[in-house]
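Structure first, then comments.
Just so it is clear, none of the values below were taken in a lab; they were calculated from the coordinates. Keep in mind it's a predicted model, so treat the numbers as computed, not measured. Note that each Cβ is placed from the backbone with ideal geometry, even for glycine, and that neighbours are counted across all protein chains shown.
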Amino acid sequence: MKNVMILTGAGQIGMAIARRMGYGMKIVIGDKKPENAQTISTILNQAGFDTVAMEMDLSSRSSIQSILAEAQKYGPVTMLVNAAGVSPSQAPVEAILQVDLYGTAVLLEEVGKIIAPGGVGVTISSQSGHRMKQLTPKEDEQLACTPAEELLSLPLLQPKNIRDTLHAYQLAKRCNEKRVMAEAVKWGERGARINSISPGIIVTPLALDEFRGPRGDFYKNMFAKCPAGRPGTADEVANVAELLMSGKGAFITGADFLIDGGATASYFYGPLKPKG
Ligand SMILES: NC(=O)c1ccc[n+]([C@@H]2O[C@H](COP(=O)([O-])OP(=O)(O)OC[C@H]3O[C@@H](n4cnc5c(N)ncnc54)[C@H](O)[C@@H]3O)[C@@H](O)[C@H]2O)c1
């Protein structure tokens, strides 16, 4: 038996975190695209890790339960890395809400039922959640605490109240941060911790889709004018995950960490501030 890491989303960010934290563990990798899971699994196995690839769909509770059942065959689940998601240029509003918002909520709930004492998790949110205007305290609480199966019935998540796919993505990522706060209370009862990381522009296939999409110039301008003057890398996100998931982060739970090269700061108080 080995301690088990569940990695959902076999992309660049997920792989970078798995490489940093998954040594000596069994890493169970789930992705909607089985070929992505297999590719990352092969790269990691050839680098000395012990991984297995599975097809899984974050938007489905039964699919999440299946990967958890499979993972538990190898040993206690002590780490969760959720780096699965779709971006505003990749999917319509409904799919973004179903995967990024509902799916993440279900995953945190289901893993929270089985995470081993001392276990840790991170879920990848986004700077987008920080950029959206503040919600009311009531709306924030609804996103944090509404039972997962009722989330998509909330008034603020109805299609008539959502402008476009970017707005849906922002709401989903805001919800991720709030969910992490509410779940941290429950995970704490098991002696486990859960946090979220909100990256800015990180060069991955998902970001490259954005650069080529309708908001491509907007994103290129964003990293050119942010204080760091460049996009970030998945390995820099793994630096934050290492802090949160290691003993050094033992007092950190229910928190969200922005790593965006200062883009959000510039959006509010610098050259990236929208005109008018
Ligand atoms: N790259 C960025 O600039 C950036 C910025 C902020 C947040 N994020 C977030 O980081 C996370 C990881 O993205 P990435 O940049 O590593 O992208 P990526 O494209 O490298 O990886 C995302 C993976 O998620 C998988 N996926 C999509 N829908 C799924 C589903 N329903 N079930 C299971 N797997 C699914 C995809 O197949 C893909 O393998 C996402 O949640 C994304 O929103 C990325």
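Taken about its Cα centre, the chain carries a charge dipole of roughly 580 debye when the Cβ of each Lys and Arg holds +1 and the Cβ of each Asp and Glu holds -1. The calculated FRET efficiency for LYS186 paired with GLU242, based on their beta-carbon distance and R0 = 25 Å, is about 0.55.
Does the chain classify as rounded, prolate or oblate by the C-alpha gyration tensor (a ≥ b ≥ c root eigenvalues; a/c under 1.5 gives rounded; else a/b over b/c gives prolate, otherwise oblate)? Judged from the Cα gyration tensor, the chain comes out prolate (a/c at least 1.5, a/b above b/c).
Once both labels are positioned 7 Å from their Cα atoms along Cα-to-Cβ, the gap between GLN46 and ALA224 label points is 3.7 nm. A Cα-only calculation for region 97-237 places Rg and Dmax at 16.1, 46 Å.
Given q = 0.21 Å⁻¹, what are the Debye log10 I(q)/I(0) values for region 176-276, with equal point scatterers placed on the Cα positions and solvent ignored? Normalising to I(0) and taking log10 leaves -1.05. For ASP100, ASP256, the sequence from fewest to most other C-beta atoms within 10 Å is ASP256, ASP100.
If you wrap the tightest convex hull around every Cα atom of region 148-190 and split its volume per residue, you get 69 Å³.
Exposure proxy shown here: for SER89, SER128, the number of other Cβ atoms within 10 Å sets the order, fewest to most, as SER89, SER128.
Could you give the length gained by full extension between LYS73 and SER60, i.e. 0.36 nm per residue of separation minus their alpha carbon distance, to one decimal place?
Working: separation 13, 0.36 × 13 = 4.68 nm, distance 2.08 nm.
Extra length from LYS73 to SER60 when fully extended: 2.6 nm.
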